[in-house]
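Visitor: Supplied in C-alpha cells, the structure appears directly below.
The values are calculated or read from the model by the stated rules, or taken from the named source; none is laboratory data. This one's a predicted model, so the numbers in the text were calculated from it and none came from an experiment. When we count neighbours, we look across all protein chains shown, and the Cβ atoms used for this are built from the backbone with ideal geometry, even at glycine. Ligands, DNA and RNA are stripped out before the accessible areas are found, and what is left, the full protein with its side chains, is counted by its heavy atoms. Shrake-Rupley method; radii C 1.70, N 1.55, O 1.52, S 1.80 Å.
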Amino acid sequence: ATATGIPVGDTQAGKGAINFDHPSAVGGVGSTGCDSGNHIADKADLIIGVGTRYSDFTTASKTQFKNPDVKFVNINVTPFDAAKESAEMVVADAREALAALTEALADYRVEAAYSEEITAEKEAWLKATERCYHLDHGPLPAQTEVFGALNELMGEEDVVINAAGSMPGDLQALWQARSPLQYHVEYAFSCMGYEVPAAMGVKLARPEAEVVSIVGDGTYQMLPMELATVVQENIKVIYV
C-alpha cells in the first residue's frame, strides 16, 4: 500500500492489519463497512483479496462490488477461498505473496487523481465518525459515543472485544484501529456470549493490556457465569 498507493479496505477479521491513519486505509468494506471503504470498492476494476473468505457481510450478499467489469485476484492458502468471485487464484501465504507482488509492481503507482479521491473519501468519513463519537446525547450516551470514548482512551496495546448484535456493525464502520492487537471482534458466526469469557482469555494472554469487553443484554444472559470466575481469580477486565 505504501509503495503503490493502492487503497486497502478491511473486513471484521482484518481490521488493524493496516492502521486507520495510513494514507491508503479506506476503512471497512461490506454491509457493515463505512462510506469511504464502500465507495472505493463500488467503483474498483480490480479487487486483490488477501486472506479474505468473502463472507456474506463482506460482499453485502454479492452486491458490494458494483463495477460491471470488476475482476478479482485472491491470495489465500485455501484454494476454496482463493476461487471465490471467479477470481484469478493465487494459492500462497499472504506475506510471501504480497512481498512478491510489491516487487512485481516496483514501477507502479496509482494515478494522482485516484490518490486525491481516496484522501477525500477518508476525510469525509473521519468527519462522519467524529459526529457519531460526539452526539452529546443525554442523560445517557449513544452507543457510538461509548465507542468514541473507548477509542480515545485505549492505547495501541489495549484490546476491545465484541461479538454480536448491532455493535459489530458500528465498530467495523467507526473503530479507528491503531495496531493489529487493538480490535478483537468475532463476527464470522456471530457467537453471542463470546465476549465475556474471551475477555478473560485475552487478559490472561496479555496481562499488560487493558481489555474492554462490550456486552449486550443477550450476551450477558448467555454467559454471565464467567464474570464470577473473573472476580474469583482477580482478573482485571472492563465490561461495558
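Visitor: All but one of (1) modelled with pLDDT under 95; (2) more than 30 Å from Asp170 (Cα to Cα) hold for Asp69; which doesn't?
Guide: Status for Asp69: all satisfied but (1).
Visitor: Residues in segment 44-56: is at least one in contact with a Gly (Cβ under 6 Å, 6 or more places away or on another chain), of a type in the set (A, V, I, L, M, F, W, C) and either at negative phi or without any contact (Cβ under 8 Å) to a residue 60 or more places away in the chain (or both)?
Guide: no
Visitor: Could you check segment 102-122 and list, in sequence order, the residues that are farther than 28 Å from Asn151 by Cβ and open to solvent by less than 60 Å² (accessible area, probe 1.4 Å)?
Guide: Selection gives Leu105, Val110.
Visitor: So, one more: Residues to consider are Ser36, Ser61; find the one that is open to solvent by less than 20 Å² (accessible area, probe 1.4 Å) and either at positive phi or not in a loop (DSSP other than H, G, I, E, B) (or both).
Guide: Ser36
Visitor: Ok, one more. Report, by residue number, each residue of segment 39-58 that is farther than 17 Å from Ile6 by Cβ and either touching a helix residue (DSSP H, G or I) at 6+ places or on another chain (Cβ under 8 Å) or in a loop (DSSP other than H, G, I, E, B) (or both).
Guide: Answer for segment 39-58, where residues must be farther than 17 Å from Ile6 by Cβ and either touching a helix residue (DSSP H, G or I) at 6+ places or on another chain (Cβ under 8 Å) or in a loop (DSSP other than H, G, I, E, B) (or both): Arg53, Tyr54, Ser55.
Visitor: Within the set of pairs 6 or more residues apart or between chains, which connect a residue that is in a helix (DSSP H, G or I) inside segment 95-121 to a residue that is among the charged types (D, E, K, R) with Cβ atoms less than 8 Å apart?
Guide: Here the result reads Glu121/Asp35, each pair linking segment 95-121 to a residue that is among the charged types (D, E, K, R).
Visitor: Could you check how many residues of segment 74-86 are closer than 15 Å to Thr59 by Cα and in contact with a helix residue (DSSP H, G or I) (Cβ under 9 Å, 6 or more places away or on another chain)?
Guide: Total meeting the criteria: 3.
Visitor: Just to verify a result, which residue in segment 64-94, among those that are of a type in the set (Lys, Arg) and not in a helix (DSSP H, G or I), is nearest to Ile47 (Cα to Cα)?
Guide: Lys71
Visitor: Among the residues in segment 21-30, are any closer than 27 Å to Glu157 by Cα, assigned to a loop (DSSP other than H, G, I, E, B) and open to solvent by 60 Å² or more (accessible area, probe 1.4 Å)?
Guide: yes
Visitor: Here's another thing I want to ask about it. Taking the conditions exactly as written (at positive phi and either free of Cβ contacts under 8 Å to residues at least 40 places away in the same chain or open to solvent by less than 40 Å² (accessible area, probe 1.4 Å) (or both)), does Asp81 satisfy them or not?
Guide: In short, no.
Visitor: Right, another one. Scan segment 10-19 and tell me whether some residue there is open to solvent by less than 30 Å² (accessible area, probe 1.4 Å), under 25 Å from Glu186 (Cα atoms), at pLDDT below 95 and assigned to a helix (DSSP H, G or I).
Guide: Checked segment 10-19: no residue is open to solvent by less than 30 Å² (accessible area, probe 1.4 Å), under 25 Å from Glu186 (Cα atoms), at pLDDT below 95 and assigned to a helix (DSSP H, G or I).
Visitor: Restricting the search to segment 39-49, which residues are of a type in the set (Val, Ile, Thr) and either surrounded by fewer than 20 Cβ atoms within 10 Å (Cβ to Cβ) or farther than 18 Å from Ala87 by Cα (or both)?
Guide: Matches in segment 39-49: Ile40, Ile48.
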